[in-house]
1. I'd like to know how the stretch 228-326 sits against the 2.2 N^0.38 Å rule of thumb: what's its Cα Rg over that expected value?
2. Which value, to two decimals, describes the C-alpha radius of gyration of the stretch 175-261 once divided by 2.2 N^0.38 Å?
3. Suppose each label sits 7 Å from its Cα in the direction of the beta carbon; what would the residue 392-residue 409 distance come out to in nanometres?
4. What is the magnitude of the charge dipole of the stretch 168-316 about its Cα centre, with +1 placed on the Cβ of each Lys and Arg, -1 on the Cβ of each Asp and Glu, and no other charges, expressed in debye to the nearest 20?
5. Would you mind getting the Kirkwood hydrodynamic radius of the stretch 219-268 from its Cα pairs, rounded to one decimal in Å?
6. Calculate the FRET efficiency for residue 499 and residue 364 from the Cβ-Cβ distance with a Förster distance of 35 Å, rounded to the nearest 0.05.
7. Pull out the extension gain between residue 138 and residue 474, defined as 0.36 nm times the separation in residues minus the alpha carbon to alpha carbon distance; nm, one decimal.
8. Can you give me the distance in nm between label points at residue 517 and residue 490, each placed 7 Å from the Cα along the Cα-to-Cβ direction?
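The values are calculated or read from the model by the stated rules, or taken from the named source; none is laboratory data. Since we're looking at a predicted model, the values are computed, not measured. Methodologically, a virtual Cβ is constructed for each residue, glycine included, from the backbone with ideal geometry; neighbour enumeration extends over all protein chains shown. For the accessible areas, the whole protein counts, side chains as well, though only heavy atoms, and no ligand, DNA or RNA atoms are used. Shrake-Rupley method; radii C 1.70, N 1.55, O 1.52, S 1.80 Å.
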Amino acid sequence: MKKFPTLSFPRALFVLWVWIFSPVLAHAQEASPSPQSQLEQPLGFPVLGALEDTLFSVYSRLGSLTAEERARRITERIQKLSRNEKYVADSLKVEELENAYDILYGHDIVGTVSPGDIRDDQYDIQSMALAVRDVINQDILNYQNETRLEVMLKRIALVFLIILAAVLIIFLIQKVSKRLIKWVSSRGNKLFRDLDYKGYTFLTWEKEMSLAIRAIKVMRWVFILILLYLLLPILFSIFPFSKDWSDDILNWVLHPIRNVFESTLDYLPNMFRILVILIFMKYLIQFVRFIFHEIELERLQVSGFHPDWAMPTYNIARFLLWAFTLVLIFPYLPGSDSPIFKGVSVFIGVIFSLGSSSAITNLIAGLVITYMRPFKIGDRIKIADVQGDVMEKTLLVTRIKTIKNEVITIPNASVLTGNTTNYTLQAEGQGLILYTSVTLGYDIPWRKIHETLIEAALATEFVEKEPKPYVLQTSLDDFYVSYQLNAYTKQASKQAIIYSQLHQNIQDCCQKNGIEIMSPHYRANRDGSASTIPGGEGK
């Protein structure tokens with residue numbers, strides 16, 4: 001039978017220290033196991049004393065009683081004996097039997113020590129029986145000493161004294177915090193300065209002072225709660241019957257702290273692996289960005305790769321690299337192998353796939369548009385019935401600003417499935433051809449009309465002199481001829497102004513050359529009615 005020393009309850013601060021730093025000791029013991037830990041011995045069933053402390057353990061069966069039943073019966077007899085107010089220590093004796101020793105109080109058997117209970121080579125059966133008797137005797141005496149009336153009165157007095165001290169400490173905490181808040185409020189403009197960077201103020205000194213006062217109030221309650229939390233175990237540890245309560249109260253907070261500390265220590269290797277992967281990927285992405293930035297600035301040229309593809313391609317490459325990084329670090333994340341973590345991941349994936357089908361469609365369309373290069377930022381384009389300048393081109397939408405300052409957002413899927421007209425693409429080179437039509441009667445010589453329309457075009461601002469404007473006769477109708485004036489311009493974004501001036505010049509030139517702009521639909525020859533040409537205006 002193995003002897004255990006009588007355990008006493010550690011003080012609150014000592015327990016706090018042991019609980020927090022015991023993981024370090026545990027890791028050290030795992031790293032260098034002692035010879036004693038390498039020789040594992042079977043655990044017995046503990047015998048508890050009057051103060052619920054483990055006195056010793058029972059290992060062997062005796063007669064019809066198992067080791068567990070023996071330990072339970074010995075515990076009951078010790079606790080019953082401890083409540084005997086007439087207990088005499090000298091009456092607890094050891095009596096030898098055949099291959100065993102009985103521990104007797106008077107004529108009552110308290111317990112029996114058998115050879116199978118010995119787990120320490122330093123003890124023979126007789127010395128083990130004497131040691132067990134001394135342990136039982138000391139436990140009973142300790143219990144009776146601690147439960148005496150005068151001792152209980154002293155403990156009650158100690159409880160009131162500790163509570164009074166706690167109230168005094170709380171009063172001092174309140175007093176000090178109020179004075180500190182008052183001092184900070186009176187010297188706020190001297191203690192704090194505006195927190196700004198490059199002209200932007202993150203925090204004014206008033207906000208900083210307000211945060212400092214809030215922090216003081218929070219710390220005040222933190223200290224009070226810690227004091228109350230430590231006060232309860234200390235009070236419970238004073239009485240023998242409530243010592244276990246103090247352990248439980250400490251474990252409510254200390255056990256989670258200990259688990260967090262142990263988990264943090266165990267997770268450190270994986271944390272370093274994740275840091276190495278993240279640092280490597282960060283610098284790899286920076287290198288990739290440098291390469292594509294050089295391509296965008298046309299310092300580095302790749303055959304068949306346009307400069308405006310550089311940043312969109314970099315964004316795709318960056319996304320793929322970060323996705324690959326997530327795949328690498330996923331096994332090292334805490335709880336990554338737990339069913340809950342996997343279930344949540346699957347749930348998020350399903351929600352994302354069901355709720356983002358249109359977004360994925362626009363995203364793919366944006367990628368296709370990027371590499372098709374139908375337009376770029378600043379181009380004057382027409383998509384369906386929307387005409388304007390391209391303001392923004394993202395992977396999801398394209399934004400166009402019309403000549404009326406309207407900003408229209410078009411999903412990229414609509415852009416890809418519709419027709420897009422780009423007015424700027426050829427304007428910078430050969431020039432954009434602007435055209436307008438007029439219908440005039442057969443009585444006017446067509447050569448004169450051609451000269452008049454070309455004269456009007458050349459007089460228009462932003463119309464190029466070369467290539468020279470030209471006129472096409474698009475149809476010969478029953479009563480009139482359709483003439484189409486074509487003129488080149490390099491200012492695709494000023495079509496509205498150019499068309500307006502062109503129409504004005506056509507009116508002026510026709511008036512100057514005596515040409516009446518009309519589309520006659522005659523049912524009889526004219527009878528000499530007055531001409532519709534304005535008389536003198538615009539000459």
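1. Details: Rg = 28.2 Å, N = 99, 2.2 N^0.38 = 12.6 Å.
In units of the globular-protein estimate, the stretch 228-326 measures up at 2.24.
2. After normalising by residue count via 2.2 N^0.38 Å, the value is 1.71.
3. 0.7 nm
4. Numbers: 18 positive and 13 negative charges, 224 e Å.
In debye, rounded to 20, the stretch 168-316 gives about 1080.
5. Values: mean 1/r = 0.0818 Å⁻¹.
Mean inverse Cα-Cα distance, inverted, gives 12.2 Å.
6. Details: r = 38 Å, r/R0 = 1.08.
That pair, residue 499 with residue 364, gives E of 0.40.
7. 108.5 nm
8. 2.9 nm
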